[in-house]
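A short write-up of the structure that comes next.
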Amino acid sequence: MPEKSSTVDAYISVQPAATQQVLHEIRRTIHAAVPDAGEMISYGIPTITIGGHYVVYFAAWAHHISVYPVPRGDEGLATELAPYLSGKGTLKFPLAKEIPLDLIAKVAAQLAAEKKMGH
């Protein structure tokens, strides 16, 4: 990864053009799903927050976009996420395929609900 960015805009701006477009779409999708969210860079990657506490991270890699963490407790959602699971806490969405923005919205909304409930 390139040197660490200080803002989400800066992080997105140093990615390849096609990846920038995907990151902008993911960012808009998450903000629509979590309308009261803020954002920052944490661990060197874009982080969506509520009240200054992380809700969901997303990051660009050479061949995929990762979204972290994976929400727990919703078996229906877990089934939808299964094809994208990579390890215990990471979702990987290949850049060569259409990014399932509706699924990312569900992930963000579920993580926001968990955060608001104190999990």
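The values are calculated or read from the model by the stated rules, or taken from the named source; none is laboratory data. All figures in this text were calculated on a predicted structure; none of them were measured in a lab. Methodologically, a virtual Cβ is constructed for each residue, glycine included, from the backbone with ideal geometry; neighbour enumeration extends over all protein chains shown. Only protein heavy atoms, including side chains, enter the accessible area calculation; ligands, DNA and RNA are left aside. Shrake-Rupley method; radii C 1.70, N 1.55, O 1.52, S 1.80 Å.
For the chain, the carbon plus sulfur part of the accessible surface works out to 55%, probe radius 1.4 Å.
Only Lys, Arg, Asp and Glu count, each charged at its Cβ (+1, +1, -1, -1), so figure out the dipole size of the chain about its Cα centre, rounded to 20 debye.
Numbers: 10 positive and 11 negative charges, 41 e Å.
Dipole of the chain, to the nearest 20 debye: 200 debye.
Expressed as a fraction of 2.2 N^0.38 Å, the C-alpha radius of gyration for the chain is 0.99.
With each run of n ≥ 4 DSSP H residues scored as -39500 (n - 2.57), what mean residue ellipticity at 222 nm is computed for the chain after dividing by its residue count and rounding to the nearest 500 deg cm²/dmol?
Calculated from helices alone, the mean residue ellipticity at 222 nm is -12000 deg cm²/dmol.
Here r is the Cβ-Cβ distance between Arg28 and Lys92 and R0 is 22 Å; the resulting FRET efficiency, rounded to 0.05, is 0.60. Take the Cα of Ser42, step 7 Å toward its Cβ, do the same at Glu75, and the gap between the two points is 3.1 nm. Close amide-amide hydrogen proximity is noted between Val55 and Ile48, Thr49, Ile50, each under 5 Å apart and 5 or more residues distant or on a separate chain (H modeled in the peptide plane; Pro and chain starts excluded).
Roll a 1.4 Å probe over the protein chains and send me the accessible area per residue for the chain in Å². The partial results should precede the final answer.
Details: 6590 Å² over 119 residues.
In whole numbers, the chain has 55 Å² accessible per residue.
Applying both filters, DSSP loop and at most 13 other Cβ atoms within 10 Å, to the GluC sites (Glu not before Pro) of region 11-119 gives Glu98. Each Cα pair under 8 Å and six or more residues apart adds its sequence gap; the mean of these over the residue count of the chain is a relative contact order of 24 percent.
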